[in-house]
Each structure stands twice: as C-alpha cells, then as structure tokens.
Amino acid sequence: MAAIVIVHGIGKQYLGPHTLHTAVAPALRDGVRLADGPALDDADIATAFYGHLFRPPGSGRVIKGEPLPDPRDPLDPYEHDLLLAWWTEAARLEPERVPAPPDARPGKAPTPYTVQRALYALTRSRFLARAGDRFLLGVLRQVRRYLTEPDLRAGIQEAVAATVGPDTRVLVGHSLGSVIAYEALAARPARQVPSLVTIGSPLGIPHLVFDRLTPPPEQGRGQWPTGVDRWTNLCDRRDVVALTKRLGPLFDDGDRHIRDVLVDNGWQAHALEHHLTAAETGAAITAALAEPDGRR
C-alpha cells in the first residue's frame, strides 16, 4: 500500500482512478520537491477514487445517479442554503468582483431567479474561475447526496478504506474528499493513519456540513480523528468552499492542534492540483513522512 493516499473532491465522475492519478501524483511530487522533501515515485502515492459512484447509467430509466442539472430548475433546500452560504462568502472575499446576495435567507424557498443570480455571481469569483453554472450545480448535488444518502456514503467510505493500508502514513483530502477522509479516520478506529492533510475543506461549514459529520460534534466541537497525531489544514483565502478557514477552533483536542495554513492558488482558488503543487502542502506531507513511523 502507498505511503500517501489522496481522496479527491467533487466533479470527477467522468474520470477514473488511473486518469486522475496521472494528474495528481506529479502535482504532489512537485509540492514535496519545493519543500525540499524526499524524492517520491508514483508507487508512493495512491488515489482513493469514488467518482464512479456519482456517474449515472448510460441507458434505461435513471432511478439513481446524477442527471444533468438545469439552472432554471428549483434547487433542493439543502443545495439552496449551501449555494447561498458560498455566495455570501464570495461577496465578502471579493466585493470588487462578486455582488452581494439580496435578502435570501437560509430556509427561504429557493426560486430559479435567485439560483441564477447566485450562479452568475459565483462564476465571477476565483472559486469558480473558468467553470460553468452546471458544474456548480453538480457540486451542490454531490455534497448533498453524500451527506444525506447513507448507502452512497457507505460505498464511498468503502472505496477509501480499500485504498488505505498499514503502510499509509498520510491521508490527503480535497474539498468533499476532506470530509470523506476525516470520516474515514474518525469513524473507523481500525483504519489508523498518523497524519491528515485537508485542503480546500468545507468541514467547518456550520449546519450544512460540520453538524452532519459522522461521528457528530459534541457541544460544538468535532471529534479528533482516531489515530491521527498530525493534522494540517490548507486553503486559499478566496476559496468559498473552505468557508471556515481555520478548523483548529472546531477540532483541536487537548495537546493535539490543527495547523491552519493559507496558500495562494491564483485564479483557481479551489483547484486540487494548485493545492498539491504548493510548497506549503509539500511541507505538510514532508513533515509527516520525516517521522520514522509517521508520528510525532
């Protein structure tokens, strides 16, 4: 088993584990090189792939899966509230580019007009640079489905568990993959990995993500993942998915503290490859690998 396992984020349903690996493994190696870390080859890195579980069947009546979203359709209330939270954050971070949302409160019935205004606003942000509105709707849908469909959640967790082995020393989770990686470690005591690296993480979004985690938070504090000694959380300050930029106040446990680090990913604030090529990410992975057994 590989020493480093990457758990990807949303929107990968039309790729595969080998296709994705050819992009993310070199990016991770570049970041580690910039941090003066060890020379790695592809055998040291594995990709825990679950995107196929979101891919709809190609024929027959679609009962499950992910038909192409339409911006003119009303959103599920969960998706509406998450979209509103991201729009509000994007307007706060980039007021010169993103107009502030009107009086659209969480829980208020969504309308196609509000949805289209939100999508237009977010496509002007660095979070969605060069991405379209249908992609963003797909993002919302995959987050909602993972957090609300138990069978899908279990299948994704099994895909991660099959990739993590006794030699795995660092689990790297991007975007929704950071939620999946956290739950894989926190909810499965037998699957212990000494170091966790979360990048572009929505783990701290109140109500919509944080309060829906498994295991659930207790008295406003998330449970520290079992077996993890070192946790580094990285995000671009303009990344609206990582709405809560500092996870330490939510998850720190006694002497165990998250190291929250900001990176600059340019015009693609949320992109996985941009995160992996950052020297800061490479330093987090290098620090974990430097310990003889992966622990402090």
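Derivation of every value follows stated rules applied to the coordinates shown; laboratory data play no part. Source: prediction; values computed, not measured. Here Cβ is always computed from backbone atoms with ideal geometry, including for glycine, and neighbour counts include all displayed protein chains.
Some points to look at:
- Relative compactness, region 230-286, computed as alpha-carbon Rg over 2.2 N^0.38 Å: 1.14
- Pairwise label distance in nanometres, Gln223 with Ala161, each label 7 Å out on the Cα-Cβ vector: 1.5
- Highest-first arrangement of 215-224, 173-182, 38-47, 234-243, where packing means the average Cβ count within 10 Å: 173-182, 234-243, 38-47, 215-224
- The phi torsions of region 41-48, fed into the Karplus equation with coefficients 6.51, -1.76 and 1.60 and a -60° offset, translate into couplings of 10, 4, 5, 7, 10, 10, 10, 7 Hz, rounded to whole numbers, with Gly and Pro shown as x.
- Cβ-Cβ FRET estimate between Arg246 and Ala23, R0 fixed at 30 Å, reported to 0.05: 0.55
- Calculated on the Cα set of region 145-296, radius of gyration then Dmax: 14.4, 40 Å.
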